[in-house]
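Structure record follows, encoded as structure tokens.
What follows draws every value from the coordinates through simple rules; no lab data is involved. The model shown is predicted, which means the values in this text are computed figures rather than measured ones. Every residue, glycine as well, gets a Cβ built from its backbone with ideal geometry; the counts of neighbours run over all protein chains shown.
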Amino acid sequence: MIKQIQQFFNLSWFEQRLFIIVLFLTGIVRLSILFLPFRWLGPVLGGLMQESQATEEKVNVDKAKQIGKMVERVSRYTPWESKCLVQALVGKILLRRQGITNTLYLGVGRDERNALIAHAWLRCGEIILTGGKGRERFTVVSKFADCAAGEETRDFRV
């Protein structure tokens, strides 16, 4: 625990602020997932069954990578469950606030026991920010895009 506190204080001021924001958002998003029906959450996620462009400005991709890394880092330390859907939603919220295009994917697949499982991941440009590990095993059943003003959605294969 002390090592984690030291690591926090070794972060830059900007990273500390982002850490706290992400921590707060993971809790809010987790509660929303637990207590709100998806039909209420779905409409605020972006354009249904649309995808953002496969290219993004380098400065935006760099910001998006930083957000994605922080979301994955913070999710390891939350006292609540912050798995793929929580991570993807928190990343989407932060990218939207920055005006950075992104697409959130929801997929289904089967595990070793042939049970149905779900997964979520978030893409910005060509980069998978959260949930990238093992996403190939899942079939996309839904996707939600946030696009910059005046930008059209594109067909981008994941």
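Out of curiosity, is SER52 surrounded by fewer than 18 Cβ atoms within 10 Å (Cβ to Cβ) and out of contact with any Phe, Trp or Tyr (no Cβ under 7 Å at 6 or more places or on another chain)? So SER52 fails the test.
Filtering GLY68, GLY46 for residues that are in contact with a Leu (Cβ under 8 Å, 6 or more places away or on another chain) and on the phi > 0 side of the Ramachandran plot leaves a single hit, GLY46.
Residue count for the stretch 22-39 under the criterion of being surrounded by 13 or more Cβ atoms within 10 Å (Cβ to Cβ) and not aliphatic (A, V, I, L, M): the result is 4. Within the stretch 14-71, being of a type in the set (A, V, I, L, M, F, W, C), in contact with a strand residue (DSSP E or B) (Cβ under 8 Å, 6 or more places away or on another chain), closer than 21 Å to LYS83 by Cα and assigned to a helix (DSSP H, G or I) holds for ALA64, ILE67, VAL71.
Does ASN60 qualify as being crowded, with 18+ Cβ neighbours inside 10 Å and closer than 23 Å to PHE138 by Cα? No: the conditions fail for ASN60. Quick one: in the stretch 85-127, of everything that is in a strand (DSSP E or B), in contact (Cβ under 8 Å) with a residue 40 or more places away in the chain and not polar (S, T, N, Q), which residue is farthest from GLY46 (Cα to Cα)? The qualifying residue farthest from GLY46 (Cα to Cα) is ILE127.
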